[in-house]
Each structure stands twice: as structure tokens, then as C-alpha cells.
Amino acid sequence: MEQIYPAPCGLDCNSCKAYKATLEASEERLMKLAEKWSDEKEEYSAEDLRCLGCYSSTLYKGCRSCEVRACTRERGFTNCSLCEEYPCEKLMDEWGSWKTTNWLQAKNYLDEMREKGV
């Protein structure tokens, strides 16, 4: 399946290290990322990080249960910028949970899309 950008939350999957490592079929990179992203709250395996983007069935562990992704699918949107409730609390909570990505880039991306009506 072809990836649509951005992901529902505004993340550009092309900038995600797990997405890149999956596309390259690099088990070594996925294992290193899993070690780096693991902490006392959550431990990851290479399989947990395998991801082909939000519009595929191969998802990073955190995205499998993403409320934002589920919400956009339920409402029939490709991303949150198309929603009349943008930016909602659910989306802002998601952005606040990110450890490795700058949420402001995602917000700016969605803001720009919203202004253009895309």
C-alpha cells in the first residue's frame, strides 16, 4: 500500500527512523532503535518497531492503539487537519506523548494543510 503523507497526527513518516529501517529491511537498525527507545515504562523489540506507515497494516507498536489514527479512520479523514474539531484534546495529548519526534513540526504541517484546504 502506498503511504499517504502526513500520518493522521501530522507526523511525516519519512522522518521516522523505524519507518526507514523497516523500508530498508534492516533488522540491525530496528534492534538498535528498540534498545534506544526502551525505558523503564516500556520495552520494545525490533518487531514492535516494524512499520510501513499509518495507512498500512504493519504498524509501530505505539501506533497500533493510537486514538488519533482510530478517530480519523472512523470519521473518514486522512489526517486531523480536515476535522472541524482540529486541534482537539486527543491530538494534543498524542503530540505530548512523543519521545523522539518534535510535535511542533507535525502541528505546523497540519496547520499548513488546513490553510490550503488539503
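The values are calculated or read from the model by the stated rules, or taken from the named source; none is laboratory data. What you see is a predicted model; the values in this text were computed from it and never measured. Don't worry about glycine lacking a Cβ; one is built from the backbone with ideal geometry, like all the others, and counts go over all protein chains shown.
Some points to look at:
- Residues in the range 72-87 that are closer than 13 Å to residue 10 by Cα and either touching a strand residue (DSSP E or B) at 6+ places or on another chain (Cβ under 7 Å) or not in a helix (DSSP H, G or I) (or both): 77, 78, 79, 83, 86, 87.
- Failed item in (1) modelled with pLDDT of 90 or more; (2) closer than 17 Å to residue 11 by Cβ; (3) not in a loop (DSSP other than H, G, I, E, B), with residue 32 passing the rest: (2)
- Hits in the range 42-71 - residues which are in a helix (DSSP H, G or I), farther than 17 Å from residue 14 by Cβ and not aliphatic (A, V, I, L, M): 47, 48, 61, 62, 64, 67, 69, 71
- A Cβ distance below 6 Å, combined with a sequence gap of six or more or placement on separate chains, defines the contacts here; from the range 104-118, residues that are over 15 Å from residue 13 (Cα atoms) and part of a helix (DSSP H, G or I) reach residues that are at pLDDT 90 or above and of a type outside the set (Phe, Trp, Tyr) in the pairs 113/81; 114/81.
One line per residue, one yes/no per condition, for (1) in contact (Cβ under 8 Å) with a residue 40 or more places away in the chain; (2) among the polar types (S, T, N, Q):
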{"position": "14", "(1), (2)": "no, yes"}
{"position": "20", "(1), (2)": "no, no"}
{"position": "26", "(1), (2)": "no, yes"}
{"position": "33", "(1), (2)": "no, no"}
{"position": "51", "(1), (2)": "no, no"}
{"position": "56", "(1), (2)": "yes, yes"}
